[in-house]
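Accompanying notes for the structure given below.
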Amino acid sequence: LFNDTIRYNIAYGRPGASGAEIEEAARLAQIHDFVLSLPKGYDTVVGERGLKLSGGEKQRVSIARTILKGPPILVLDEATSALDTFTEQEIQAALKQVSRDRTTLVIAHRLSTVVDADEIIVLDKGLIAERGTHAGLLRRKGLYAALWNRQREADEARRKLAENLDARGPKAEDLAMAK
């Protein structure tokens with residue numbers, strides 16, 4: 001990101017875009033409401049490399065830029081890695097829409113981001129270990145299935161921990177375990 005306004009950083013994807021187009025891209029990237037909450041809104045300067053934004057906010061501004069640009073080939077390298085699960089799911093829906101009718105290459109460790117891919121290529125130590133669709137790779141019960149199951153178990157454990165913390169308030173041992 002550039003040391004300029006949020007508007008400029010999103011519009012960089014397509015100079016000359018209208019304010020309405022910039023705001024629609026921001027809505028799809030789930031950053032519009034946050035931007036409106038800032039004292040200067042879209043005219044807020046983000047600092048060099050987005051210094052004044054969190055990791056997730058930087059990603060959402062970058063995703064808004066990409067949505068606005070609408071490139072013929074889309075490369076998403078860990079595009080949602082700094083987002084919480086709920087925001088990630090909402091942005092995945094927007095990215096799915098943007099990816100329609102264009103070549104999209106997704107590089108991800110969070111496997112939930114690639115379940116709808118036409119083809120998934122699983123790398124292990126720099127070599128192709130498996131390839132196929134999400135369903136096909138799960139049926140094979142290989143490396144992808146093992147990684148998928150491990151991530152699902154970790155997500156479930158985080159969900160249960162969050163429920164417990166919400167239900168009774170944090171205790172020192174819970175906070176220590178979450179680190």
(request) Determine which single condition Asn9 fails, assuming it passes every other condition in (1) buried (at least 19 other Cβ atoms within 10 Å of the Cβ); (2) under 22 Å from His109 (Cβ atoms); (3) among the polar types (S, T, N, Q). (result) (2)
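For the stretch 1-118, give me every one of the helices (runs of 4 or more DSSP H) that falls completely inside it and has 3 or more residues that are in contact with a helix residue (DSSP H, G or I) (Cβ under 8 Å, 6 or more places away or on another chain) and of a type in the set (S, T, N, Q).
85-99
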(request) Quickly run through the stretch 22-38 and pick out the residues that are closer than 9 Å to Ala64 by Cβ and surrounded by fewer than 16 Cβ atoms within 10 Å (Cβ to Cβ). (result) Arg27
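Taking the options Ser62, Ser18, name whichever one is within 30 Å of Gln151 (Cβ to Cβ) and either more than 19 Å from the chain's Cα centre (by Cα) or not aliphatic (A, V, I, L, M) (or both).
Unique residue meeting the criteria: Ser62.
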(message) Can you report the number of residues in the stretch 76-106 which are modelled with pLDDT of 90 or more and loosely packed, with under 14 Cβ neighbours inside 10 Å?
(response) 2
(message) Quick check on my filter: what residues within the stretch 119-147 are within 24 Å of Leu95 (Cα to Cα) and either outside any helix (DSSP H, G or I) or of a type in the set (D, E, K, R) (or both)?
(response) Glu119, Ile120, Ile121, Val122, Leu123, Arg131, Gly132, Thr133
(message) Can you list residue pairs whose Cβ atoms sit under 7 Å apart, with the first residue in the stretch 116-131 being more than 9 Å from Leu143 (Cβ to Cβ) and the second being loosely packed, with under 13 Cβ neighbours inside 10 Å and modelled with pLDDT under 95? Count only pairs 6 or more apart in sequence or on different chains.
(response) Asp116/Lys96
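The values are calculated or read from the model by the stated rules, or taken from the named source; none is laboratory data. Note that this is a predicted model, so its numbers are computed, not measured. We place every Cβ from the backbone using ideal geometry, glycine too, and count neighbours over all the protein chains shown.
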